[in-house]
1. Add +1 for every Lys or Arg and -1 for every Asp or Glu among the other residues with Cβ under 15 Å from the Cβ of Ile307, and state the total.
2. Computed from the mean reciprocal separation of all distinct C-alpha pairs, what Kirkwood hydrodynamic radius does the chain have, in Å?
3. Residue farthest toward the positive end of the dipole of region 382-456, with Cβ of Lys/Arg at +1 and Asp/Glu at -1: which of Val442, Thr387, Asn425?
4. For a label point 7 angstrom out from the Cα of Asp135 toward its Cβ, which stretches of region 348-375 have the backbone nitrogen within less than 13 Å?
5. Under a point spin-label approximation (7 Å from Cα along Cα-to-Cβ), what is the Asn425-Ile390 distance to one decimal in nm?
6. Take each uninterrupted DSSP H stretch in the chain, measure its Cα extent along the helix axis, and return the ones at 27 Å or beyond whose mean Kyte-Doolittle hydropathy is at least 0.0.
7. Counting only helical runs of four or more DSSP H residues, what would the 222 nm mean residue ellipticity of the chain come to if each run contributes -39,500 (n - 2.57) and the total is spread over all its residues?
8. Put a dot 7 Å past each Cα toward the Cβ at Lys175 and Thr373; how far apart are the dots in nm?
Amino acid sequence: MAENKSIHGVWQNRWTFILAATGSAVGLGNIWKFPYMAGENGGGAFVLIYLVFVAAIGIPVMLAEVMLGRRGRQSPINTMKTLAKSSDASKFWGGIGWLGAIAGVLILSFYSVIAGWAMAYAGKIIGGGLLDQTDIPSQFGAFVSDPVETVLWHSLFMVMVLTVVAGGIHKGLEKSVQFLMPALFVMLILLLGYATTTGSFGEAVSFLFKFNPEALTADAVLSALGHAFFTLSLGMGAIMAYGAYMPKEHSLGKTVVIIGVLDTLVAVVAGLVIFSIVFANGLDTAAGPSLMFKTLPVAFSQMPGGIVLGGMFFILVTFAAWTSAISLAEPAVAWMVETAGFSRIKAALVVGIPVWLLGIACALSQNIWSDVTILGSDLLDFLDKLTTNIMLPLGGLLIAIFAGWIMRRSHVVKEVAMKNFALFNIWIVMIRIVAPIGIAFVMYNSIEAWLVFINK
Ligand code: TRP
């Protein structure tokens, strides 16, 4: 095992790890997906359960992922292989890395399509007169139904992602995240200020936080769990890959809590903003994936300087998606560099081209191929559900079991190196018992929902 370094380099300091991991975590999941999932699942109860999953399962699993990555110091696939061997465990555990790398590229394919939508919206607001339209929400339908435009924006986004990944993540990522994350926060705070002037802020708060258990189905609980993994970039090795570049001497506990809190804040603020607009303008809470695109431009159209602010906002969303997308590709690319001896450029292309093609199919599944369904969903929706609700929780479950039960305890203690013994013990209980039982229980409860889903 390499000493204090991975062949891919090391972060400059703890803050760059926090920034890069936050860059991975904060993305479309927070601004696009969280609000519409909360809307589709009836608000309050979904949100509270999601928050519990983030705290009780997400953050402990994140600590486990960073710990495994830093100990293994390689791509997740090879890290899991090495760690399984050094704990005399079955080769099966190496499979966690594979499951993750595959989940990552599947997510990237549809993620890039949505990021393309966001980029297109930046262009439409700045140059296309979108904000002058009388019915802004309905413009979205016209846009997604254009196969050429949506495919082109997706292609541009893929080029952006692969360029950074091919260059090695230190060059591009560390710098961009340092500037972009704070800018995104400022922008969201500004929008939050606007939301309080809509007259519907209180309604948004009660929609998101009022506990309404009658809205909870097994499917909603599974979606909340899946989304906790999705939003924190967990369960597929992205954070493990970044952990491999983390210097040895830093403590992990505080680091992961900071990332979890920042990620949650962004999602909650985005939710408050979006639902204030929904209620103020009589829009549909359950609009689904189009929600962000139907609401935020309405707000910008009512603000002084809305064209500039709106354009900037969608550019920042694109950047947030960019730093996330990079982490989706990293496990597969890093593995190819290590194992096949490819250059980063070649590895980025070998991973990127199939992802790009699959993404094209996802973009077309929203227009000319919308009749083609897999188990009742269009391709984009199917890939999202398959990865978010099945692959990520399964990956998280296996990671928790591996870190809690399979890996040698002395290795775990040494790597986590928490000075606070009580906190360490709390983590051990979470990772050995709470996380595995919680995940298994939620997944088990949804088996019926899946069977229905599969038989459709
Ligand atoms: N967390 C990102 C978001 O919320 C998406 C993402 C990046 C991701 N890397 C991941 C999701 C790894 C799951 C696994 O937008």
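None of the figures in this text is laboratory data; all of them are computed from the coordinates on show. All values reported here derive from a predicted model rather than from experimental measurement. Note that each Cβ is placed from the backbone with ideal geometry, even for glycine, and that neighbours are counted across all protein chains shown.
1. Details: positive: Lys124; negative: Asp132.
Taking every other residue near Ile307 into account, the sum is 0.
2. On the way: mean 1/r = 0.0454 Å⁻¹.
Result for the chain, one decimal place: 22.0 Å.
3. Asn425
4. Counting backbone N atoms under 13 Å from the label point, the list is empty.
5. Those two pseudo-labels are separated by 4.1 nm.
6. Working: long enough: 95-127 (48 Å, 1.50); 147-167 (30 Å, 1.58); 175-197 (35 Å, 1.56); 253-280 (41 Å, 2.26); 306-339 (49 Å, 1.45); 344-364 (29 Å, 1.87).
Sorted by number, the helices that extend far enough and score high enough are 95-127, 147-167, 175-197, 253-280, 306-339, 344-364.
7. Working: 22 runs with 317 residues, N = 456.
Only helices count here, giving -22500 deg cm²/dmol.
8. 4.8 nm
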